[in-house]
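Structure first, then comments.
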Amino acid sequence: MEKVICIVGSDGAGKTTIARCFVNEIEKRGQSVACVWMRFNNYFSKVLLAFARIYGYSHFKYVSGIKMGFHDFEKVWWLRWPFAFLQMIDVNIAAWIKLHTYRKSEVLVFERSAWDTLSDVMADTGIRELDRTWIGRGIVKAFNKKSTVFWIDRDMTLIRKSRIELNEDYKLNVKIANY
């Protein structure tokens, strides 16, 4: 693998659409390319998430037939940092798996990566300074030196019109601000 491209931004920003454009252009240029998606990387954090669900700090909601998950760890000090720490481990395991699974491709286009996980964890835990801690830096460690990152910003009104279910995401504004 020669190049890693990470397309980051909030849900509904257009990452998938932009990723498809990158993949099409790279293929036209004759290079091998793989489009990769990294989300829900819960290897070690799964037990903590189950525990949080039992006590009501994590829940699901169906909106327009789409299952949406919410973690309210900002309210519970003993869940905040352990969750962030476990997500750091989990996202690096997922990154290692993805980077090695697709290593024969000349270019990898991540339409969701560790940068998005960092934003989500900051919103879920309420740790606004997480990106400036060793855990926050650890979340994106696998991508820091290897990747080119493109941040996709889209007007909130357009996001809410195109992705109706995101009107129910009470943390969407926080996630966008984290980027």
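Structure above, values below:
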{"quantity": "Pairs where the first residue, in the stretch 59-76, is farther than 14 Å from Asn167 by Cα and the second is open to solvent by 80 Å² or more (accessible area, probe 1.4 Å) and assigned to a loop (DSSP other than H, G, I, E, B), C-beta under 9 Å, 6+ apart", "calculated": "Val76/Tyr55"}
{"quantity": "Scan of the stretch 113-146 for residues that are under 11 Å from Lys175 (Cα atoms), open to solvent by less than 70 Å² (accessible area, probe 1.4 Å) and in a loop (DSSP other than H, G, I, E, B), ordered by number", "calculated": "Gly126"}
{"quantity": "Residue that is farthest from Leu99 (Cα to Cα), among those in the stretch 147-179 that are surrounded by 15 or more Cβ atoms within 10 Å (Cβ to Cβ) and among the basic types (Lys, Arg)", "calculated": "Arg160"}
{"quantity": "Strands (runs of 3 or more DSSP E) (entirely within the stretch 1-89) containing at least 1 residues that are under 24 Å from Val174 (Cα atoms) and either open to solvent by less than 30 Å² (accessible area, probe 1.4 Å) or at pLDDT 95 or above (or both)", "calculated": "3-8, 58-63, 66-71"}
{"quantity": "Subset of the stretch 121-179 [out of contact with any His (no Cβ under 6 Å at 6 or more places or on another chain), closer than 21 Å to Met38 by Cα and among the charged types (D, E, K, R)]", "calculated": "Asp131, Arg137, Lys141, Lys145, Lys146, Asp153, Arg154, Arg163, Glu165, Asp169, Lys171, Lys175"}
{"quantity": "Count of residues meeting criterion [among the hydrophobic types (A, V, I, L, M, F, W, C) and in a helix (DSSP H, G or I)] in the stretch 150-167", "calculated": "5"}
{"quantity": "Residue among Lys104, Lys98 that alone is open to solvent by 10 Å² or more (accessible area, probe 1.4 Å), part of a loop (DSSP other than H, G, I, E, B) and in contact (Cβ under 8 Å) with a residue 40 or more places away in the chain", "calculated": "Lys104"}
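Each row is one residue, and each column tells you yes or no for (1) within 22 Å of Lys146 (Cα to Cα); (2) touching a strand residue (DSSP E or B) at 6+ places or on another chain (Cβ under 9 Å).
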{"site": "Ile7", "(1), (2)": "yes, yes"}
{"site": "Lys15", "(1), (2)": "yes, yes"}
{"site": "Arg39", "(1), (2)": "yes, yes"}
{"site": "Val47", "(1), (2)": "no, no"}
{"site": "Tyr57", "(1), (2)": "no, yes"}
{"site": "Met68", "(1), (2)": "no, yes"}
{"site": "Asp72", "(1), (2)": "no, yes"}
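The values are calculated or read from the model by the stated rules, or taken from the named source; none is laboratory data. Every value quoted in this text rests on a predicted model; they were computed, and no experiment measured them. Because the Cβ atoms are built from the backbone with ideal geometry, glycine has one as well, and the counts that use them run over all protein chains shown. Just so you know, the surface numbers come from the protein's heavy atoms only, side chains and all, with ligands and any DNA or RNA stripped out. Shrake-Rupley method; radii C 1.70, N 1.55, O 1.52, S 1.80 Å.
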